[in-house]
1. Would you work out what percent of the accessible area of the chain, with all protein chains in place, is carbon or sulfur (probe 1.4 Å)?
2. Using the Kirkwood radius over Cα pairs, work out the Stokes-Einstein diffusion coefficient for the chain at 20 °C and 1.002 mPa s, in µm²/s as a whole number.
3. For n ≥ 4 DSSP H runs only, could you compute -39500 (n - 2.57) per run for the chain, divide by its residues and tell me the 222 nm figure to the nearest 500?
4. Could you tell me, in Å, what Rg and Dmax come out for the Cα atoms of the stretch 252-305?
5. State which entries of Lys258/Lys302; Lys145/Lys258; Lys68/Lys203; Lys100/Lys296; Lys143/Lys167 exceed 19 angstrom in Cα-Cα distance in the structure shown.
6. When the Karplus curve 6.51 cos²θ - 1.76 cosθ + 1.60 is applied with θ = phi - 60°, which whole-Hz ³J(HN,Hα) does each residue of the stretch 113-122 get, with x for Gly and Pro?
7. Solvent-accessible area per residue for the chain at a 1.4 Å probe radius, Å²?
8. Count the net charge of all other residues whose Cβ sits under 11 Å from the Cβ of Gly312, scoring Lys and Arg as +1 and Asp and Glu as -1.
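The values are calculated or read from the model by the stated rules, or taken from the named source; none is laboratory data. Since we're looking at a predicted model, the values are computed, not measured. No Cβ is skipped: glycine too gets one built from the backbone with ideal geometry, and neighbour counts run over all protein chains shown. We work out accessible area using only protein heavy atoms, side chains counted, and drop any ligands, DNA or RNA first. Shrake-Rupley method; radii C 1.70, N 1.55, O 1.52, S 1.80 Å.
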Amino acid sequence: MRSTILCVTAAAVTALLAAAPAFAQERVVNVYNWSDYIDSSILEDFTKETGIKVVYDTFDSNETLETKLLAGGSGYDVVVPTVSFMQRQIAAGVYQKLDKSKLPNLVNMWDVIMKGVASFDPGNEYSVDYMWGTTGIGYNVDKVKAALGTDDKPNWDALFDPAKAAKLKDCGIYMLDSPTDVVPSVLAYLGLNPNSTDPADLKKAQEVLTAVRPFVRKFHSSEYISALANGDICIALGYSGDMFQARDRAAEANAGVKVDYSVPSQGAQIFFDVFGIPKDAPHVAEAHEFINYMMKPEVIAKASNFVFYANGNKASQQFLDKEVLDDTAIYPTPEVMAKLFTVPPLDPKTQRVVTRLWTTVVTGQ
């Protein structure tokens, strides 16, 4: 009898040991998002609530993300492209359709923003808005006033008129290292269609950028945040939420640096950054759980309060800090909204032209 019990016990232990790896297997979601674009405590709270570990990596340009996605096998479960880039990536078969039955928090989304996203992703089949914002000008109020001699908020000519850019050279100009953001801004400055693919228009844009290139200290898509906040530069072309982060960091440092943000009167780009799940995502169930969690009103509000970007979740607005919700640079007035434009993806031929144009401008060769 004793030997029988020992045999049964040994068999049970063996079975448990064999099953242990399955029980111990850690649930994971691999997220690839823009730099400085979330409150890290949100990730910690998600793990506490779901038991899912978040492996979180960052990028600072759509081009970087696109290169990884098109190569395949990125290993990411949730990525955050700008939806205009996502449109052509969908066509390339990069993404899988969302299982909306696993996203009950979709009911919280803002129909106005969903409609804007749907112009790139019909039916919102592949994407859910995370944040939206504008591309404009962040600037050091005192230094720009000293250089240009005016209290007026700067327009595109501050960056693209060589005479004015030359005055700002010494205090420092940064621009996004992103042709899909900068070139349309130049076209708007010129009074041309910001979405023009006419080679003659693109050549005019290149001529403008070439003329001001000697006055641009650096092209980078995230370093301007700290550079503005620290007073190392006086003006930058960048994303609205980044500029608000710089503004608040400067205020917290209390070192005499005052940063503000301008949406140029000639028009500026509105963009939508969205959640998507790559077709080869290794953890699809966890990806849906993460996206659904981020659509909780109080969660996405916490993200907006941290990054100072508007989000696409209407129900979240009751949880937003007043300084965020009432800031017309974050949630623009109807008059400003009317001047904003979206930028669709370029056709392959135009993309090659713009890439060559940009390389020429940035390298100065």
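1. On the way: 8830 of 16120 Å².
Carbon and sulfur: 55 percent of the exposed surface of the chain.
2. Numbers: Rh = 22.0 Å.
This corresponds to a translational diffusion coefficient of 97 µm²/s.
3. Values: 17 runs with 172 residues, N = 365.
Mean residue ellipticity, 222 nm, calculated: -14000 deg cm²/dmol.
4. Here Rg and the maximum Cα pair distance are 18.0, 49 Å.
5. Values: Lys258/Lys302 25 Å; Lys145/Lys258 12 Å; Lys68/Lys203 30 Å; Lys100/Lys296 15 Å; Lys143/Lys167 10 Å.
In this structure, Lys258/Lys302; Lys68/Lys203 exceed 19 Å between Cα atoms.
6. Values, residue by residue: 6, 4, 5, x, 5, 5, 5, 10, 10, x Hz.
7. On a per-residue basis, 44 Å².
8. Working: positive: Lys115, Lys314; negative: Asp111, Asp129, Asp273.
In short, -1.
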